[in-house]
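Step one of this worksheet: look at the structure below.
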Amino acid sequence: MKIIGLLLAIAVVLTLAGCSEKPVSTIPAESFDVSARVIPPDVHRLFDQYALDMNAQSDGEPSRSGGFNADVSNTPYDAYVVTFIWGSLLNVATPAATLPVTDWSGSLTVNADGKINVAKPISFEAGQDFLLATFRYDPKVVGWVSLTSGDFDGMSFIILLGRATPAASATAITFATAPFTLRLTANQMAWFAAYYQISNTSGIAVLSQKLPPIITCPSGLMVGHWVKANVTGDRGTFNGLWLKSNGDTTGVFSGMFWTENDGRRLFSGNVSGVVTTQIIAYLNGKWYYEDPRMCPLCGAGFGRFSGYFRYPGHNDNDGILQGQFGSLTLPANQLDLPLTGSWTVLCYRPTNELRVDDK
């Protein structure tokens, strides 16, 4: 019966909730002015400890961390991480026996095209605070029972909202409890941080941010030859195929490797078209031998290389490459060694030039 009563109360709150662009709260008339305030330092520390990858910066504002990313780049959803912490946030040192019990039981509802995932409850006490199984099979609603007195509870959510709906000015989520109700639009959820004091002993803090999608940069493989000019392997040439990640050939690479007088081992080359000789990238880097065999000839049988590539007309590096050459199973005097490697475009650096993977 208690759960049914709670559901009815939540339904009434949701029915009365409007769609204003300004965050709307509903509280008892005898309570404080609950206008949004700057999050106090003590509450910042709670977010540092409990919110998902949101750390306080030196200026006191939580950072918009991308540490918890959602791969929504190929879906119709935007992702948000939203954390609510409620209770005696500024009175944690006061004995609980002297503070009233506040019932924070309620729900979080996502409107229109959206889904809610519970990332984690915060400081829920076993047997007292719990999620309601009634809402378990509805991805748009999460309900809970929570009581505080001289302590605090909270929850972190990962929320997916359809990019087409709701409209920017429409309510996206509704947080509904008896002491406090808050509605936020999708625009507000992109970055929202506020504290509300609802009585002498209780308050609630909210922190929300939109998560950037995981960026998958173009990448691929290198397959070819590392050809030593002599058995010592201090210089030579390399060549092969520049492949996309699906195995399609997108270019051919070639170059030279050598050893400087000071012992540095470097390489330089380029990637050109499969049919044409147009240069589409320049290669530079370093290499070294990593052959554990102990003999004059065997020590140059296996090694590694790493470096960067850049597009014509660019001064900065546009991608990275790495790989290995040789094999411990080949004869010690073999000059033509197999080469395998990989390359990745640093795609967060925009360019209008022809990319290696565009051929």
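Brief remarks follow.
- Placing dummy labels 7 Å off each Cα toward the beta-carbon, the span from residue 77 to residue 249 is 4.3 nm.
- Under a model in which nothing but the beta-carbon of Lys, Arg (+1) and Asp, Glu (-1) is charged, segment 111-158 shows a dipole of about 240 debye around its Cα centre.
- Sum of side-chain charges, residue 140 neighbourhood, beta-carbon under 10 Å (Lys, Arg +1; Asp, Glu -1): -1
- Positive minus negative residues near residue 155 (Lys, Arg vs Asp, Glu; Cβ under 12 Å): -1
- Local electrostatic count at residue 283 - Lys and Arg +1, Asp and Glu -1, tallied over other residues with Cβ under 14 Å: +1
- Accessible surface for residue 306 stands near 40 Å², nearest 10, in the context of the full protein assembly shown (1.4 Å probe).
- Spin-label pair residue 290/residue 235, simplified geometry with 7 Å Cα→Cβ offset, distance in nm: 2.6
- Extension gain for the segment residue 125 to residue 328, taken as residue separation times 0.36 nm less the Cα-Cα distance, is 67.2 nm to one decimal.
- In a fully extended conformation the segment linking residue 137 and residue 190 would gain 16.4 nm over its present Cα-Cα distance, using 0.36 nm per residue.
- Solvent-accessible area of residue 316 with every protein chain in place, 1.4 Å probe, in Å² to the nearest 10: 100
- Net length gained if the chain between residue 101 and residue 304 were fully extended (0.36 nm per residue, minus Cα distance): 66.6 nm
- Rolling a 1.4 Å probe over the heavy atoms of the protein chains gives segment 178-221 an accessible area of 32 Å² per residue.
The values are calculated or read from the model by the stated rules, or taken from the named source; none is laboratory data. This one's a predicted model, so the numbers in the text were calculated from it and none came from an experiment. Methodologically, a virtual Cβ is constructed for each residue, glycine included, from the backbone with ideal geometry; neighbour enumeration extends over all protein chains shown. Please note that ligands, DNA and RNA were not included when accessible areas were found on the heavy atoms of the full protein model with its side chains. Shrake-Rupley method; radii C 1.70, N 1.55, O 1.52, S 1.80 Å.
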